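These notes concern the structure reproduced below.
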Amino acid sequence: MPVEEFVAGWISGALGLVLGYPFDTVKVRLQTQTTYRGIFDCLVKTYRHESLLGFFKGMSFPIASIAMVNSVLFGVYSNTLLALTATSHQERRAQPPSYAHVFLAGCTGGFVQVYCLAPFDLIKVRLQNQTEPRALPGSPPPRYRGPVHCAVSICQEEGPRGLFRGAWALMLRDTPTLGIYFVTYEWLCRQSTPEGQNPSSASVLVAGGFAGIVSWAVATPLDVIKSRMQMAGLKHRVYRGVLDCMASSVRQEGLGVFFRGLTINSARAFPVNAVTFLSYEYLLRWWG
């Protein structure tokens, strides 16, 4: 099994994560809290109350963990395509795989990454939702002192299964969405590239950016449910499952709840995924 795809996936995932993390923090807060009137209100309140560092809460942990999950996604995707088509990454421009194979490989990568991603994503969401300002003399400390303390606290208060809260919604979100993600990227690259040639940097940036927007447009409703289920343990609220969380959210806030964070998800998706795909493609070409 070639390992270059895993290494390239980790590095490209880390670059995309750093670029998009402030947007992700705002998105998570909009989806799980009702104290903000919109994106601008969340940006202003976060900056005033927590300074610029508030947008990067919990980022050191995802750099080491969620970037690794990105490596699993790209590695499994590429190696699944290798198993389905018997063509390496370098050969796929001359012998392009079918879109059915691309979709299946993307779904497989999405399904496998969930098992790695679920605990890390839960901890990230909990840390991002801590709205306390930087520690000041006499001020109450935040609930979690960091990612390790967060993980230990969840295990103590909610049991080891608490680390996988929202995992079903995460799996339903990522499995088909990542199939759509890779199909969109491949289709756009092929439309702008002569047959048999590698896509230009501009083609990769545009294809990666729009693939991110399309996939997040599909994923946002389940992303809202996933984030709410992850926060439910902190609020001592128990959902009986994904459908119960959906029904409860609609009863309280209407159908519009499923589109919370869609605008900022789309704004974040283009640059993050453009950079992710560009760095991934060029790292693999460099290793040749």
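Observations on the structure shown:
- Rounded to 0.05, the FRET efficiency of the Q130 and V218 pair, given R0 = 22 Å and the Cβ-Cβ distance, is 0.15.
- Selected from S215, S51, S266 as most flexible by GNM, with the chain as the system and alpha-carbon contacts under 10 Å: S51
- Look at the alpha carbon pairs under 8 Å that are at least 6 residues apart: their mean separation over the length of region 104-194 gives a relative contact order of 50 percent.
- Net +/- balance of residues flanking V7 in space, Cβ distance below 14 Å, scoring K and R +1, D and E -1: -2
- Length gained when the stretch R161-R251 is fully extended (0.36 nm per residue, less Cα-Cα span): 29.7 nm
- Among G58, A219, L178 the positive-end extreme of the charge dipole of the chain (Cβ point charges): G58
- Cut-off 17 Å (backbone N to label point 7 Å along Cα→Cβ of A94), residues of region 186-204: 194-199
- Relative contact order for region 175-288: 36 percent, from Cα pairs under 8 Å spaced at least 6 residues apart, divided by residue count.
- Neighbour net charge for H101 - beta-carbon separation under 12 angstrom, K R +1, D E -1: 0
- Surface per residue (accessible, 1.4 Å probe) for the chain, Å²: 47
- Two-site label geometry, Y115 and F56: point separation in nm, points 7 Å out along Cα→Cβ: 3.4
- Counted charge near D24, where neighbours are those whose Cβ lies closer than 11 Å (Asp, Glu -1; Lys, Arg +1): +3
- Residue list for region 170-187, given a label point 7 angstrom along the Cα-to-Cβ vector of R285 and an amide N cut-off under 18 Å: 185-187
- In the chain, Cα pairs under 8 Å separated by at least six residues give a relative contact order of 26 percent.
- Phi-based couplings in Hz for region 211-223 (Karplus 6.51, -1.76, 1.60; Gly and Pro marked x): 4, x, 5, 4, 5, 6, 4, 6, 7, 4, x, 6, 5
- Taking a ≥ b ≥ c as the square roots of the eigenvalues of the Cα gyration tensor, the chain is prolate, since a/c reaches 1.5 or more and a/b is larger than b/c.
- Using a probe radius of 1.4 angstrom, the carbon and sulfur fraction of the accessible surface of region 113-263 is 64%.
- For the chain, size of Cβ-based charge dipole, Lys and Arg +1, Asp and Glu -1, in debye: 980
The values are calculated or read from the model by the stated rules, or taken from the named source; none is laboratory data. As the structure is a computational prediction, the values presented were derived from the model and not from experiment. Every residue, glycine as well, gets a Cβ built from its backbone with ideal geometry; the counts of neighbours run over all protein chains shown. Calculation scope for accessible area: heavy atoms of the full protein, side chains included, ligands and nucleic acids excluded. Shrake-Rupley method; radii C 1.70, N 1.55, O 1.52, S 1.80 Å.
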